[in-house]
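To start, the structure under review is shown below, and the notes come after it.
None of the figures in this text is laboratory data; all of them are computed from the coordinates on show. On a predicted model such as this, the values are computed, not experimentally measured, just so you know. Because the Cβ atoms are built from the backbone with ideal geometry, glycine has one as well, and the counts that use them run over all protein chains shown.
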Amino acid sequence: MKTKYSQAEFNKDLAELTSLINGLDGGAKPEKRTFKVVEVDGKAKMAGRYSADSPLTAARRAYSILCRKSSGDKCSHKFMLKETTRGSNKKVYGPYMGSRKKRAKPLTVMIAGKKITYKYDSSVRSMKDQKGGKKWKFYT
């Protein structure tokens with residue numbers, strides 16, 4: 001037994017579909033990409049796995065961990081990252097140069113109810129844009 005699909009039901013469904021389509025912001029959200037540190041200061045090293053939207057964000061996270069493992073107030077490293085996301089072409093990014101300095105006065109903030117103290121200012125930048133940069137040999 002067939003029932004008629006009324007014009008009112010059609011208009012209601014069309015309005016719902018239109019609102020769903022207009023609510024999309026360009027499709028599905030991009031997945032997080034994963035990266036590994038593969039070279040630190042010219043030495044091959046497979047360490048860590050960092051999840052981020054971009055290689056620079058992953059480099060900042062990796063640099064933070066590298067500095068926690070080293071001692072002293074100053075920390076400076078050149079390192080490279082390799083993308084390990086499934087389905088990617090496993091491209092190598094970098095070299096990145098990271099440096100940090102001790103803050104004159106530590107900064108304390110509350111994040112999610114926890115007190116966090118920042119003792120250092122860190123910066124990470126890509127070395128590819130530097131003039132006269134060394135051509136880096138990478139281990140695949």
Pairwise label distance in nanometres, Ser88 with Ile111, each label 7 Å out on the Cα-Cβ vector:
2.2
Where nothing but the Cβ of Lys and Arg (+1) and of Asp and Glu (-1) is charged, how large is the charge dipole of the stretch 33-126 around its Cα centre, in debye to the nearest 20?
220
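Largest first and in whole Å, give the semi-axes of the stretch 33-128's equivalent ellipsoid, each being the square root of 5 times a Cα gyration tensor eigenvalue.
Each semi-axis is √(5λ); the values are 25, 17, 10 Å.
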